[in-house]
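Novice: Following this message is one structure expressed as structure tokens.
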Amino acid sequence: MLSRKARSRWVTVAATALVLLWCARPSVSAAFKNVQVAQVPPALSLKDLSGKEWTSAEIYGRGATVVIFWATWSPRSTEVIRDLEALRARIGPEKVSLVAVNCEHPAITAADRDAIAAAVKQIGFTGPVLLDDGLVAFNDYGAMALPSTLVIGADGKVGYTLAGYPTTLREELADAVRKAAGLPTEAEQRPVQEYVPKNHALMYYNLGRQLAGKGQDEKAEAQLKISVEKDPDFKKSRIELGLLYKRTGRVELALPEFERARKIDPKDPEALYQVAVVSLRAAKFPEAQALFSELSTEFPEREELALGAALAAKYQGKEEEYRKGREAAAKLFPADPRYVYEMGQVADSQKDAAVAAELYRRALEAGLKKSR
């Protein structure tokens with residue numbers, strides 16, 4: 001019989017091994033695991049509130065189409081549906097179709113149907129409302145948050161995806177809809193000069209990413225350092241170098257890179273998240289709590305952000321705030337196992353064996369479920 005300490009160590013090792021199998025980096029902006037831009041989305045076959053069945057052929061390929069995965073318990077779901085309805089009215093109902101795929105619960109009850117119908121009426125949504133009973137479409141598409149939105153062009157291919165409904169990306173979503181409808185975007189009418197890296201920094205950045213993807217961390221680090229030297233204001237190199245440092249256990253080197261990237265672009269969600277989580281790892285709890293709270297304002301459905309703020313409170317001795325934070329986090333969209341694992345590492349660094357074991361176990365169980 002294993003002791004509690006041995007069991008905890010086994011969970012930690014198992015979770016670590018599993019996390020190492022997930023090659024993709026976590027991103028606060030990921031929308032769908034199984035949907036790629038410029039590709040045809042997975043097949044869809046769902047019934048609406050009246051019992052009529054809708055298939056992909058009836059939904060896609062008939063002009064611009066926007067599909068919103070949503071739930072009545074998600075406040076941002078209501079906002080995105082209402083805003084897209086207003087946008088559709090402005091640009092012309094004939095130019096874009098809206099479809100709402102409800103992912104209320106794993107099994108949709110009669111009470112759920114009533115709640116969905118009431119919410120749709122209150123929002124004023126005019127498109128078909130499809131019920132994802134059993135979360136079949138949710139899993140086929142690999143939705144990472146609720147709401148999650150995809151914009152599909154007349155060719156039936158995905159043009160844009162968005163997780164949640166952060167205020168900083170709302171105009172970008174609207175532009176994607178206009179573009180799919182063949183209309184000029186706000187960005188085209190108000191062109192913004194995209195940053196162009198100097199002194200071949202982009203070349204070294206791309207090479208560094210390729211080497212990192214092959215597991216050649218030392219060579220990748222060398223190329224990314226050259227990219228940073230060539231153009232200190234190229235934030236992508238800073239973030240990539242910080243991720244490499246973090247992955248190889250050098251959080252004291254990772255934090256300055258993420259902080260520099262955040263200084264270059266204070267609204268970059270990846271830089272902000274990484275500063276927050278590395279600040280947690282570095283025991284800078286007040287700073288981490290403030291950053292996670294800031295992120296939660298933009299992504300209120302994301303469990304990992306509320307969980308990060310709760311852990312920051314706990315390790316400042318704010319047990320009641322931690323308890324309430326954990327309760328609130330449990331009601332949100334479940335975090336990706338890699339995020340849960342990162343939070344387990346934070347607890348581990350504070351020698352909080354009970355919380356670390358719980359989070360590692362969650363990461364392990366969720367990861368095994370995803371891999372089936």
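Novice: For the stretch 148-227, list the helices (runs of 4 or more DSSP H) that sit wholly inside it and hold at least 3 residues that are modelled with pLDDT under 90; which are they?
Specialist: In the stretch 148-227, the matching helices (runs of 4 or more DSSP H) lie at 186-189.
Novice: Could you list, in sequence order, the residues of the stretch 34-57 that are surrounded by 15 or more Cβ atoms within 10 Å (Cβ to Cβ) and farther than 18 Å from Asp133 by Cβ?
Specialist: Val35, Val40, Pro41
Novice: Taking the residues in the stretch 160-186 that are touching a residue at least 60 places away in the same chain (Cβ under 8 Å) and among the β-branched types (Val, Ile, Thr) as candidates, determine which candidate is nearest to Arg88 (Cα to Cα).
Specialist: Val177
Novice: Here's another thing I want to ask about it. Pairs please, first residue from the stretch 306-326 and open to solvent by less than 30 Å² (accessible area, probe 1.4 Å), second anywhere and of a type in the set (D, E, K, R), Cβ atoms under 7 Å, 6+ apart in sequence or on different chains.
Specialist: The qualifying pairs are Ala310/Arg326; Ala313/Glu321; Tyr322/Lys314.
Novice: Hey, among the residues in the stretch 233-245 that are within 14 Å of Pro197 (Cα to Cα) and either open to solvent by 60 Å² or more (accessible area, probe 1.4 Å) or among the hydroxyl-bearing types (Ser, Thr, Tyr) (or both), which one's farthest from the chain's Cα centre (by Cα)?
Specialist: Filtering first and then ranking leaves Asp233.
Novice: Answer with yes or no whether Ile81 is crowded, with 21+ Cβ neighbours inside 10 Å and modelled with pLDDT of 95 or more. First the steps, then the outcome.
Specialist: Working: crowded, with 21+ Cβ neighbours inside 10 Å: yes; modelled with pLDDT of 95 or more: yes.
It is true that Ile81 is crowded, with 21+ Cβ neighbours inside 10 Å and modelled with pLDDT of 95 or more.
The values are calculated or read from the model by the stated rules, or taken from the named source; none is laboratory data. In this text, all values refer to a predicted model and were calculated from it rather than measured experimentally. Cβ: placed from backbone, ideal geometry, glycine included. Neighbour counts: every protein chain shown. Protein only, heavy atoms only, side chains kept; ligands, DNA and RNA dropped before computing areas. Shrake-Rupley method; radii C 1.70, N 1.55, O 1.52, S 1.80 Å.
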